[in-house]
Amino acid sequence: MPNAVPLSWYLILSAVLFALGVAGFLFRRNIITVFMSIELMLNAVNLTFIAFSNFLKQVDGQIFTFFVMVVAAAEAAVGLAIILTVFKNRATLQIDEVASMKN
Amino acid sequence: MQHLWLIPVFPLAGFLVNGIAGRRLPKAAIHLIAVATVALSFAWAVKSIAALMPLEAAHVERYFDWIRVGDMRIGCDFAVDRLSAVMLMVVTGVGLLIHIYSIGYMAHDHGYARFFAYLNLFMFFMLTLVMGANYLIMFVGWEGVGLCSYLLIGFWFLKKSATNAGNKAFIVNRIGDFGFSLAVFLIMLNFHTLDFGGVFAQVANWPVEASVGTLTIVGLLLMLGATGKSAQIPLYVWLPDAMEGPTPVSALIHAATMVTAGVYMVARSSAIYLKAPMALEMVAVIGLATAFFSATIGLVQNDIKKVFAYSTVSQLGYMFLGLGTGAFAAGIFHLVTHAFFKALLFLGAGSVIHALSGEQDLRKMGGLMKKTPVTFVVLLCASVSIAGVPFTAGFFSKDEILVSAYHHAPWMFWLGAVTAGMTAFYVFRALFLAFFGKYRGDAHPHESPAVMTAPLAVLALLSLAGGFIPVPKFLEPMFPVAEAPENFSLVAISVAMGLGGIFLAWFFYVAKPELPGKLAESFGALYRLMYDKYRIDELYNAVVVKPLVEGSRAVLWKGVDAGLIDGTVNGVGAQVRGIGGVLRLLQSGNIRSYATWVLLGSVGVLIALGLAGGVK
């Protein structure tokens, strides 16, 4: 394929996305944002899988990506349900305010 | 093969049955089993010895190799020679009589089955000791009888004094056993065998040691073992206390058989002692000192069993005097006659105690001649025998020892003769105090049942006529004949001493009963000293027991146990707690701090991988 985007660009993009996800997970207070950050990290990993799959001409990476997407979908369903319940009970989405198991 | 192993195994079977099932068996079954097994082993011993006669050399039976190390083989061997034949007859014969006697004596005791089980176990170990054909089998029996002695002294274990006496006997015997085991090690080292035959054959080629050499050390160590088991100075202190046990036990173990194990062992090792004159001299000196010393204590004791206990110590001293002066056969002869008359003395004392429902204090007896005539007659037989009245059993054996002592060193004879006088005095003192005069107690004395008096009668016969059993002649092939010629004046002196002792006892306690009290007053200090047994127990307490206990308390307990061991364990615990206290801070419950740790960790891993040059 002529003028193909080199592998390293994909990896750099993936690393940047992952770092953003980590940063969001660590520093944001809103549960929804934290949740989205997790999705961002998952998809950064997916991107790496796809890139290598394409680079190595092997299908394994794509299969793994499907697995990750399935798990992520299930996780989104359960996670959003939890978030809804938390909001109903506590009327807040600030992550520090639902630390009721501490002490 | 004579199947000698059956002799000890019969009582062992009795022990197992009574020990395991005794609680559920009726009394009749218990004593039937116990007595029958001993009777069987007596019968089997008689049969075996009769079949082996004339028994010129030892008949050894090897059953299996017990220990095989390098070129040394220690077998599970039993042997019978003339020496062990004599011992077998004494142990099984007197043992049988005492078992029968115990049926009556222990009739009202709750531990009936336990008692007979222990007694049978004792017979097993004693027979093992006597028949063992090497030092190790002998040692097994030696330790086993010590165990049984402990169990039976503390038989009434609810009594504090009884358990204390048991402990004392066990611990004091450990000291002696320490000597014995060192001697066995030395023999193993020098002769590469423990078989009696093998060791003595090699010893025969050794020179007589003029100064301290290997054989002398072996002899002295064996003697240390013997002083423990046979209650000689300095380890005799346990035997008087051992009287806390039931009286048949005192008769069987602490008079007739177990305490003579030391005498038997020294006689068995005569080949070693003959090459080590210094050790043999030591045996004689210790024996004589013990004989004299404990006789003086026996003069003033008020507990009838204590009197006989010190008498036992004293008579054992006589046996060692015999051995030590080279008259091994005479020592064993005295062992045999002593087994008869001392067992009888104890069993008779038991009969008196039984009649008085447990009273042992001579001051609370008196006038029992009419109430318990049979007991009186048999005790009289035993007393004349131990006093050495001519033609009784004690006369012959004691005489041979004293003659041998005279030819060894005259002063030994004189001291021995004085001791003989004291022996006669204290035995007849006990007899007169118990049976003459007026009754001073408040129990209702009654004669003992026939099951007790019958064994007494047999022993009385043996005490009187046992001297005509030609034991020394029988042992002649084993031991070189003592060249001592018959010396009538020596015999006359020792007999006169004995009769003088009897007369003095009669004078003090029958003719002028107020005299002993006055005498005790005028010699107050000496009397107190003898009455308090020279305060040897107190001395041992202050010199040995106290420092040991205090040292254990201060160093071993407070220092080593509480300080070092507990300190280590507690210190480890405290350290873990401290580290945990720090690590606990990590577990904050804050999800984002965990995530931070994960991040830092993965960054760390990546850096490490980068430094290591990446994944290969």
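The values are calculated or read from the model by the stated rules, or taken from the named source; none is laboratory data. Note that the coordinates shown come from a computational prediction; the quantities given were computed from them, not determined experimentally. Positions of Cβ are generated from backbone atoms using ideal geometry, with glycine treated the same way; all protein chains shown enter the neighbour counts. Ligands, DNA and RNA are stripped out before the accessible areas are found, and what is left, the full protein with its side chains, is counted by its heavy atoms. Shrake-Rupley method; radii C 1.70, N 1.55, O 1.52, S 1.80 Å.
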Of (1) more than 20 Å from residue B:1 (Cα to Cα); (2) in contact with a helix residue (DSSP H, G or I) (Cβ under 8 Å, 6 or more places away or on another chain); (3) modelled with pLDDT of 90 or more; (4) not in a helix (DSSP H, G or I), residue B:107 fails just (3)
The number of residues in region B:72-94 that are of a type outside the set (A, V, I, L, M, F, W, C) and under 15 Å from residue B:199 (Cα atoms) is 3
With the checklist (1) open to solvent by 10 Å² or more (accessible area, probe 1.4 Å); (2) hydrophobic (A, V, I, L, M, F, W, C); (3) over 16 Å from the mean Cα position of the chain (by Cα) in hand, flag the one item residue B:117 doesn't pass.
(1)
Residues that are open to solvent by 10 Å² or more (accessible area, probe 1.4 Å), at least 2 per element: which helices (runs of 4 or more DSSP H) completely within region B:192-289 meet that?
B:196-203, B:214-229, B:270-274
Return only the number of the condition from (1) β-branched (Val, Ile, Thr); (2) under 24 Å from residue B:349 (Cα atoms); (3) outside any helix (DSSP H, G or I) that residue B:74 does not satisfy.
(2)
Could you run through region B:125-176 and say how many residues are aromatic (Phe, Trp, Tyr), surrounded by fewer than 23 Cβ atoms within 10 Å (Cβ to Cβ) and closer than 30 Å to residue B:197 by Cβ?
1
Just checking, does region B:371-390 include any residue being touching a Pro at 6+ places or on another chain (Cβ under 9 Å), within 30 Å of residue B:358 (Cβ to Cβ) and either open to solvent by 10 Å² or more (accessible area, probe 1.4 Å) or touching a residue at least 60 places away in the same chain (Cβ under 8 Å) (or both)?
yes
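Rundown of residues vs (1) over 30 Å from residue B:56 (Cβ atoms); (2) in contact with a Ser or Thr (Cβ under 9 Å, 6 or more places away or on another chain); (3) open to solvent by 60 Å² or more (accessible area, probe 1.4 Å), yes/no style:
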{"position": "B:457", "(1), (2), (3)": "yes, no, no"}
{"position": "B:466", "(1), (2), (3)": "no, yes, no"}
{"position": "B:474", "(1), (2), (3)": "no, no, no"}
{"position": "B:480", "(1), (2), (3)": "no, yes, yes"}
{"position": "B:504", "(1), (2), (3)": "yes, no, yes"}
{"position": "B:512", "(1), (2), (3)": "yes, no, yes"}
{"position": "B:525", "(1), (2), (3)": "yes, no, yes"}
{"position": "B:528", "(1), (2), (3)": "yes, no, yes"}
{"position": "B:538", "(1), (2), (3)": "yes, no, yes"}
Return the residues of region A:9-38 that are within 20 Å of residue A:76 (Cβ to Cβ), open to solvent by 40 Å² or more (accessible area, probe 1.4 Å) and more than 11 Å from every other protein chain (Cβ to nearest Cβ); say none if nothing qualifies.
A:17, A:20, A:30, A:32, A:36
Residue tally, condition assigned to a helix (DSSP H, G or I), over 21 Å from the mean Cα position of the chain (by Cα) and aliphatic (A, V, I, L, M), over region A:44-85:
1
Per the list (1) surrounded by fewer than 16 Cβ atoms within 10 Å (Cβ to Cβ); (2) polar (S, T, N, Q); (3) away from every other protein chain (no Cβ under 14 Å), residue check on residue A:65 breaks on (1)
Need a quick list: helices (runs of 4 or more DSSP H) entirely within region B:388-502 having at least 1 residues that are more than 25 Å from residue B:332 (Cβ to Cβ).
B:410-435, B:450-465
So residue A:75 ticks every box in (1) of a type in the set (Asp, Glu); (2) open to solvent by 70 Å² or more (accessible area, probe 1.4 Å); (3) away from chain B (no Cβ under 13 Å) but one. Which box is left unticked?
(2)
Cross-chain or 6+ apart pairs with Cβ under 9 Å, region A:79-102 first and within 14 Å of another protein chain (Cβ to nearest Cβ), then in a loop (DSSP other than H, G, I, E, B) and among the hydroxyl-bearing types (Ser, Thr, Tyr)
A:86/A:92; A:98/A:92; A:102/B:588
With the checklist (1) over 22 Å from the mean Cα position of the chain (by Cα); (2) closer than 21 Å to residue B:13 by Cα in hand, flag the one item residue B:65 doesn't pass.
(2)
Filter region B:532-556 down to residues that are under 15 Å from residue B:168 (Cα atoms), touching a residue at least 12 places away in the same chain (Cβ under 8 Å) and basic (Lys, Arg), then give me how many there are.
0
